Structures are given as structure tokens and as C-alpha cells.
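Accompanying notes for the structure given below.
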Amino acid sequence: MDDEKRMQVVMGIIMAGGNAKAHAVEAITAAKKGDFTEAEKKLEEANQAIVDAHNTQTEMLTAEARGEHTPIDLYMVHAQDHLMTGITFVDLAKEIVEVYKKIID
């Protein structure tokens with residue numbers, strides 16, 4: 001993978017992680033207002049962002065298994081950090097939405 005393509009992949013992972021986190025926060029905000037339909041919609045959007053990033057990672061892992069080494073640099077580490085933060089936020093948001101459902105309903 002050339003440098004330009006690798007940077008596109010890295011930026012895609014960063015964006016997906018950031019989008020997942022943003023949608024998770026929106027889900028919590030909606031649940032706090034009692035809008036559980038919106039909260040569930042935002043959780044679905046957050047999950048889709050994680051799936052998109054996961055698919056990119058799977059492509060990279062497959063290429064690595066074929067012997068196409070991807071250099072690991074600060075950009076890649078940063079991308080993985082964003083993704084893991086997004087995953088954590090989504091997991092936490094799911095729990096928080098459920099708590100709000102019990103409190104408000």
C-alpha cells in the first residue's frame with residue numbers, strides 16, 4: 001500500500017472512531033431527554049461507524065497475512081486510539097441509555 005492510500009485508510013479509521021463517539025454521545029443526550037427512539041437510532045449509527053472501521057481493519061489484516069506489510073507510525077497508532085475510544089464510548093452509551101430507560105419509563 002502506498003503512502004497516500006495508507007493515509008486515506010488511517011484518516012478513515014480516525015473519522016469512523018470519531019463518528020462513533022459523536023453518535024454515542026448523541027444517543028446519551030437523547031436518552032437523557034427521554035427520546036429513546038432517537039437514542040436507538042444514534043446507537044445504530046454509532047455501531048455502523050464501528051463496523052466501517054472494523055471492515056477497514058480486516059482488509060489491512062488480510063493484506064498483512066498476504067505479506068503486504070503496513071508500516072506502523074504515529075498516524076496509525078492515533079487511528080487505532082480513536083477507534084478504541086469510539087468502541088468504548090458506544091459500549092458505555094448502550095448501558096447509559098438502558099439506565100435512562102429504567103429511570104424515565
Of residues in segment 44-70 being exposed (fewer than 14 other Cβ atoms within 10 Å of the Cβ) and among the acidic types (Asp, Glu), the one modelled with the highest pLDDT: Glu44
Testing Arg6 on (1) more than 24 Å from Phe89 (Cα to Cα); (2) assigned to a helix (DSSP H, G or I); (3) free of Cβ contacts under 8 Å to residues at least 24 places away in the same chain, one condition comes back false. Which one is that? (3)
So if I check each of Leu92, Leu61, Leu83, which one is without any contact (Cβ under 8 Å) to a residue 40 or more places away in the chain, part of a helix (DSSP H, G or I) and not hydroxyl-bearing (Ser, Thr, Tyr)? Leu61
Does segment 25-38 contain at least one residue that is of a type in the set (Asp, Glu), in contact with a His (Cβ under 8 Å, 6 or more places away or on another chain) and over 30 Å from Asp3 (Cβ atoms)? no
Look through Lys33, Lys41, Lys94 and report the one residue that is modelled with pLDDT of 95 or more, loosely packed, with under 14 Cβ neighbours inside 10 Å and out of contact with any Phe, Trp or Tyr (no Cβ under 7 Å at 6 or more places or on another chain). Lys33
Among what's in segment 9-34 and is among the basic types (Lys, Arg) and assigned to a helix (DSSP H, G or I), pick the residue that is farthest from Asp52 (Cα to Cα). Lys32
Quickly run through segment 53-74 and pick out the residues that are of a type in the set (Ser, Thr, Tyr) and closer than 14 Å to Asp3 by Cβ. Thr70
Give segment 38-61 a look and list any residue that's among the acidic types (Asp, Glu) and within 21 Å of Gln8 (Cα to Cα), or say none. Asp52, Glu59
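The values are calculated or read from the model by the stated rules, or taken from the named source; none is laboratory data. Note that this is a predicted model, so its numbers are computed, not measured. Cβ: placed from backbone, ideal geometry, glycine included. Neighbour counts: every protein chain shown.
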